[in-house]
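Student: Here it is, the structure, as structure tokens.
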């Protein structure tokens, strides 16, 4: 195939996939600081628009599915390099097959568009038959990307330590909640974690270092430690008493991931590949990254300290729960839709009421009957749902795609409407919507409308709805009154 001619001096435009993910969301502002223009290929333009840097004049947004090779090729034109930061954090053959197909589409599009290089973030670990399913999938993606004519730079990283990362959240919750831990023997496995800021530093630096083109480079921090040591360092940084860690040979990856799911905010599906990876040493084979792209690196203790500090200060840029597909407000056309609508007049301005609504979830709770919400969250965790432990990214600010405990923001119109889609385990589709309307002629009052909609799945879904109807009056009515009281108290 003849590749389009490229201006060798035109190296300002970068194409980025995964811009709304944990790493990509932090990479974009660093690329902008370095003087690049960034074209973000996303599945949801609304989700990208919620990022604080989305209105930067050097940001472009292209909404398309990565399986659309022709659309990808069009999006790549004018760019000289493309970051491929897409990978499923779930186990299973279906996910691995999908990852390979998307990587193949990206490689074909890059060739068609005349891209000069691809940068991929893969997983660190030894080769061999004993690789975890998740790590093997990452190797497959590397191989698929390399099959095309466009040179690929692969950066392989182990655990990424940063506020909001899945690995750090697992560490933090385990040591905070469990003074005694029965752990798999794999906690003795060695790892070379890297701080998120150092990982981003490498991802940006490799753009300007020609020697990185077409190479596979291991990136890690300065420390090689066991997972047990990581847990002890985390407890020391947080200021907790000594944790007792007892490794036993009986915990399988499945049992370990179920335990992680019950104790931490991370779901079973994400915990499974992380737990499976514990059996593989993840240590850099050499110091090539520092030879080619020298930069100061944070120690494990420094990285954990920064992550703890950012979490306490509620200054978390991106979180693991924000990655992945965000379903929108369900299409309610067709089928049975059950509805609970409640109106409440509040002696407070509309903006004050709406801002109070936007504080729902996390440490704030639900303004009434929080114990009942906690029980519901605990039951949800037991059956495989997210429960309440995901919390929220920021206690005050809200954006499209944010997780609020077991809800997801699927519509956000500042000052007017907030729609939350239920991600807890329910036999159907459910949303909770808030609308605030100004009181005509009196801007010191407003009307708050709260609507719960549910499309049941079979008879079980219908029974579920009607069984909970008495609770709706209690918790939804209490929530409205609590929001009104909180809004008025802020005046």
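Student: Looking only at helices (runs of 4 or more DSSP H) that lie completely in the stretch 36-126, which have at least 3 residues being free of Cβ contacts under 8 Å to residues at least 24 places away in the same chain?
Tutor: Details: elements: 45-49, 69-76, 93-113.
Output list reads 93-113.
Student: Name every residue in the stretch 410-425 that is part of a loop (DSSP other than H, G, I, E, B) and in contact (Cβ under 8 Å) with a residue 60 or more places away in the chain, in order of residue number.
Tutor: Our first condition is that a residue be part of a loop (DSSP other than H, G, I, E, B); within the stretch 410-425, this holds for 414-416, 423-425.
If the condition is that a residue be part of a loop (DSSP other than H, G, I, E, B) and in contact (Cβ under 8 Å) with a residue 60 or more places away in the chain, then 414, 415, 416 are the ones that fit.
Student: Would you call residue 448 surrounded by 15 or more Cβ atoms within 10 Å (Cβ to Cβ), farther than 30 Å from residue 45 by Cα and in contact with a strand residue (DSSP E or B) (Cβ under 8 Å, 6 or more places away or on another chain)?
Tutor: No; evaluated as a whole, the condition is false for this residue.
Student: Considering only residues that are surrounded by fewer than 17 Cβ atoms within 10 Å (Cβ to Cβ) and either touching a strand residue (DSSP E or B) at 6+ places or on another chain (Cβ under 9 Å) or not in a helix (DSSP H, G or I) (or both), which ones fall in the stretch 233-242?
Tutor: Listed by number, the residues that qualify are 239, 240, 241, 242.
Student: Pairs, please: C-beta under 7 Å, at least 6 apart or cross-chain, first residue at positive phi and in the stretch 141-157, second crowded, with 18+ Cβ neighbours inside 10 Å and assigned to a strand (DSSP E or B)?
Tutor: The qualifying pairs do not exist here.
Student: Would you check which residues across the stretch 383-409 are modelled with pLDDT of 90 or more and either surrounded by fewer than 18 Cβ atoms within 10 Å (Cβ to Cβ) or not in a loop (DSSP other than H, G, I, E, B) (or both) and list them?
Tutor: Across the stretch 383-409, the qualifying residues are 404, 407, 408, 409.
Student: Do we have residue 380 as over 22 Å from residue 490 (Cα atoms) and in contact with a strand residue (DSSP E or B) (Cβ under 8 Å, 6 or more places away or on another chain) here?
Tutor: So residue 380 fails the test.
The values are calculated or read from the model by the stated rules, or taken from the named source; none is laboratory data. Every value quoted in this text rests on a predicted model; they were computed, and no experiment measured them. Virtual Cβ from ideal backbone geometry, glycine too; neighbours counted across all protein chains shown.
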